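Participant: Before I ask anything, here is the structure I am working with.
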Amino acid sequence: MKKIAKILFLSASLFCTTACSDFLDQTAPSEQPGENVFESTFFTELAVNKLYGLMTQDATYSRDIPIVLSTNSDCELVDGLGTDANNTTHERGAMNYNVSPGWSKLSNVWDAMYSIIENANLIVEGINKSPLLTSGDSDQRAMERFKGEALTIRAMVYFDLIRLFGDIPYKSESSNPDLGNVYLGKSDRDVIMDELIKDLETAITLLPWAGEVSAYTTERVTKGYAHSLLANIALSRAGWSIREEQKNGYVTADKNSDPVYPTQRCDDATRTKMYELALKHLATVIDNGTHQLNPSFANEWYLINQRQLDETYRENIFEIPMGLGVSGELGYTVGVRMNGFSTLYGEQGNSSGKLKMTAPYFWSFQDGDQRRDITCCNLQLKTENNVLKEKMLGNTPFAIYCGKWDIRQMNEEWRQVAIATGKAKWMSGINCVRMRYSQVLLMYAETLNELASGPDGTYNGASTRISTARKALELVHTRAFADANKSEAENYIAAINGKEDFFEAIVDENAWELAGEGFRKYDLIRWNLLIDKIKQFKSDYESQLFSSKNSYPEKIYFNYSNDDKTSIDISSVTWHGIPSGKSSSDYDDNNNFWGKERTDTKGQAQLTVNLPSISSGLVGDNVAVINRYLLPIASTTISASNGMLHNSYGFSD
């Protein structure tokens, strides 16, 4: 399974650029490519593998992109409350939208991402000049696939840089020896996205579907991912974003817009064109059938934690391959918290669980939705008297762990590596999933609802397998329910009326399905809902706290799933009060139940200290710039740009 992860480091000496500035070029002079690299499919593949290798760095997709930089949203928070939320040179402050250009992580991410782009440029140019590209045989087809991979990876990286920084330098060619094309200013992000769409249209013609060619599993970019990524870019191109200045012909938002740095989107005609483009590519993925929903949401995440590819459904359209013990912080920096030594999981005795979920998000799930107890983990693994036990969390309304990455589900191979690692930080090797089929269905439902003016309308170019937006949403929603509860889930979908209400249902489903995976914030941004939804979650917490419906019970009860009381049966937790027909006497130690006092109804500190600090740089009383969700360019990057770069949105250089 991990072929790429095992050999990606072999190609480290194949590439570099000339000895130029560290502004865009991050490779070493000793890595100058040989002239014959692209005259061999073997060496070309190693060059492509290096792209995958560069995506396993902490500063790219092993940690920073999917985990740290993709918070905060309405349901996902960085581990930073109170005064920590004002630390401008640490993720605790930065992801609460209080960030300084002096934060070192900014330049680390910038440099690492542009290194991937530079290497992709070299590959595309080398393949275009290769005699193998016109050989008319299997070597030509291999080279075409490699080019498609490089184009798609480059598009993904540029797209993520845009989502982090806004307008950025765009460079689709390798660096010249005279440095004439190295020192670049910013390009408009819409112009860049238009170019990325063109590149992906080319890549689609070159790539196979997953499984169509033996080496092309979902651990490599394939035709399905190129289609899906293109659609995602098109929807972002059609959506809202904060601008460095007013753009003529664009629509300015009537809310969440700064007078100096307005939030705008393209004109209506371009917006419709982008939605139609997205519909075309999403429908292609759906109709092809290579990618499907795994019928079990739980099994989907069990396989991810087991580091096992799903070759049956291929719901994960693209997973960046990580290496066990080498890369991947999914399960460590985000996931079920381990707090203490364990012979079962190694001597390290701790995982950071840096990304948290919120209480209003936890309580938003419909009864019977199995995603709640997979996504939200209200317990931690804690050592007491040298025994590792599952312990329920107390009053942690803004510190619920994300359970999608679960140390308890990892396999024996992982356990042996963790034990051998000792007290050092461990790398899970869990792949970073960049696109799931459920995302395709949600984007499709959104797109078709917009174009067809409602959930039941049809539109030219829609999928022949799923003709309405309602059906696409229904597939995602009902998958999360057991057979006994599916009728209630179906009734929920059937009761949604009208285009606007259906859109709101898509927004909700996006959270229930994707929270913790690094996508929610960016969808809220393009919908111009990031501020509104964060304010809503804060308001919901206050109203739920004092609600007569007792949304936060003072005491919950649960049962253990084993006799030594080290494992908790989550299905037994009385989240919504004592069940009908039961009394408190049914929940005592004689029946192996244990009551946990909860202080949410007494948590004034949450209201006066923690709640106001969350995302305070975006929704606080004295924000510097309205809707400033973007990161500044690092001061060191600006210093190295030969005067070509500057900060905007009120950030200093």
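Participant: Sort out which residues of the stretch 193-205 are within 21 Å of the chain's Cα centre (by Cα) and among the β-branched types (V, I, T), and write them in order of number. Give the derivation first.
Facilitator: Just the residues of the stretch 193-205 that are within 21 Å of the chain's Cα centre (by Cα), to begin with: 193, 196-197, 200.
Answer for the stretch 193-205, where residues must be within 21 Å of the chain's Cα centre (by Cα) and among the β-branched types (V, I, T): just I197.
Participant: Follow-up. So R154 ticks every box in (1) touching a residue at least 60 places away in the same chain (Cβ under 8 Å); (2) surrounded by 24 or more Cβ atoms within 10 Å (Cβ to Cβ) but one. Which box is left unticked?
Facilitator: Looking at each condition in turn, R154 falls short on (1).
Participant: Next question. Taking L184, is it over 20 Å from the mean Cα position of the chain (by Cα), in a loop (DSSP other than H, G, I, E, B), of a type in the set (A, V, I, L, M) and under 23 Å from Y649 (Cβ atoms)? Full working, then the answer.
Facilitator: Working: over 20 Å from the mean Cα position of the chain (by Cα): yes; in a loop (DSSP other than H, G, I, E, B): yes; of a type in the set (A, V, I, L, M): yes; under 23 Å from Y649 (Cβ atoms): yes.
Judged against the criteria, L184 is a match.
Participant: Here is a list of conditions, (1) farther than 27 Å from D254 by Cα; (2) in a helix (DSSP H, G or I); (3) of a type outside the set (D, E), and P553 meets all of them except one; can you say which number that is?
Facilitator: Answer for P553: the failing condition is (2).
Participant: Has the stretch 195-207 got at least one residue that is at pLDDT 95 or above and over 23 Å from G148 (Cα atoms)?
Facilitator: Checked against the condition, which is being at pLDDT 95 or above and over 23 Å from G148 (Cα atoms), the stretch 195-207 yields no hits at all.
Participant: So how many residues does the stretch 265-285 have that are touching a Phe, Trp or Tyr at 6+ places or on another chain (Cβ under 9 Å) and either buried (at least 21 other Cβ atoms within 10 Å of the Cβ) or assigned to a loop (DSSP other than H, G, I, E, B) (or both)?
Facilitator: 8
Participant: Residue under question is K521, and the condition is that it be buried (at least 17 other Cβ atoms within 10 Å of the Cβ), basic (K, R) and in a helix (DSSP H, G or I); does it hold? Even if it seems obvious, please write down each step before you answer.
Facilitator: Values: buried (at least 17 other Cβ atoms within 10 Å of the Cβ): yes; basic (K, R): yes; in a helix (DSSP H, G or I): yes.
In short, yes.
Participant: Answer with yes or no whether N119 is in a loop (DSSP other than H, G, I, E, B) and either touching a helix residue (DSSP H, G or I) at 6+ places or on another chain (Cβ under 7 Å) or at pLDDT below 95 (or both).
Facilitator: no
Participant: Answer with yes or no whether A462 is closer than 24 Å to N288 by Cβ, in contact (Cβ under 8 Å) with a residue 12 or more places away in the chain and not polar (S, T, N, Q).
Facilitator: Values: closer than 24 Å to N288 by Cβ: yes; in contact (Cβ under 8 Å) with a residue 12 or more places away in the chain: yes; not polar (S, T, N, Q): yes.
Criteria met by A462.
Participant: Quick one: how many residues across the stretch 600-650 are part of a loop (DSSP other than H, G, I, E, B), within 30 Å of I556 (Cα to Cα) and of a type outside the set (A, V, I, L, M, F, W, C)?
Facilitator: The total comes to 2.
Participant: Sort through N627, N559 and tell me the only one that's in contact with a helix residue (DSSP H, G or I) (Cβ under 8 Å, 6 or more places away or on another chain), modelled with pLDDT of 80 or more and crowded, with 20+ Cβ neighbours inside 10 Å.
Facilitator: N627
Participant: Just give me the residues in the stretch 495-518 being in a helix (DSSP H, G or I) and among the β-branched types (V, I, T), in sequence order. Walk me through how you get there before you give the answer.
Facilitator: Taking the stretch 495-518 first, the residues in a helix (DSSP H, G or I) are 499-514.
I506, V507 - these are the residues of the stretch 495-518 that are in a helix (DSSP H, G or I) and among the β-branched types (V, I, T).
Participant: Can you name every residue in the stretch 400-416 that is of a type in the set (A, V, I, L, M, F, W, C) and surrounded by fewer than 18 Cβ atoms within 10 Å (Cβ to Cβ)?
Facilitator: Across the stretch 400-416, there are no qualifying residues.
Participant: Against the conditions (1) under 24 Å from T205 (Cβ atoms); (2) in contact (Cβ under 8 Å) with a residue 60 or more places away in the chain, where does D137 fall short? Just the number, please.
Facilitator: (2)
Participant: Just give me the residues in the stretch 428-481 being assigned to a loop (DSSP other than H, G, I, E, B), of a type in the set (G, A, S) and over 30 Å from N411 (Cα atoms), in sequence order. Before the answer, list the steps.
Facilitator: First, pick out the residues of the stretch 428-481 that are assigned to a loop (DSSP other than H, G, I, E, B): 428-431, 452-468, 480.
From what's left, of a type in the set (G, A, S): 428-429, 452-454, 457, 461-463, 467, 480.
Those that are assigned to a loop (DSSP other than H, G, I, E, B), of a type in the set (G, A, S) and over 30 Å from N411 (Cα atoms): A452, S453, G454, G457, G461, A462, S463, S467.
Participant: Does S175 qualify as being among the small types (G, A, S) and modelled with pLDDT under 95?
Facilitator: Here the answer is yes, as S175 does meet what is asked.
Participant: Moving to a separate point now. Out of S214, S257, S228, S236, I need the residue that is in contact (Cβ under 8 Å) with a residue 40 or more places away in the chain and assigned to a loop (DSSP other than H, G, I, E, B). Which one?
Facilitator: S257
Participant: Oh, and also: Within the stretch 164-180, take every residue that is among the polar types (S, T, N, Q) and crowded, with 20+ Cβ neighbours inside 10 Å and give me the one that is farthest from the chain's Cα centre (by Cα).
Facilitator: Result: S175.
The values are calculated or read from the model by the stated rules, or taken from the named source; none is laboratory data. Just so it is clear, the structure is predicted and the values come from calculations on it, not from any experiment. Note that we place each Cβ from the backbone using ideal geometry, even for glycine, and neighbour counts take in every protein chain shown.
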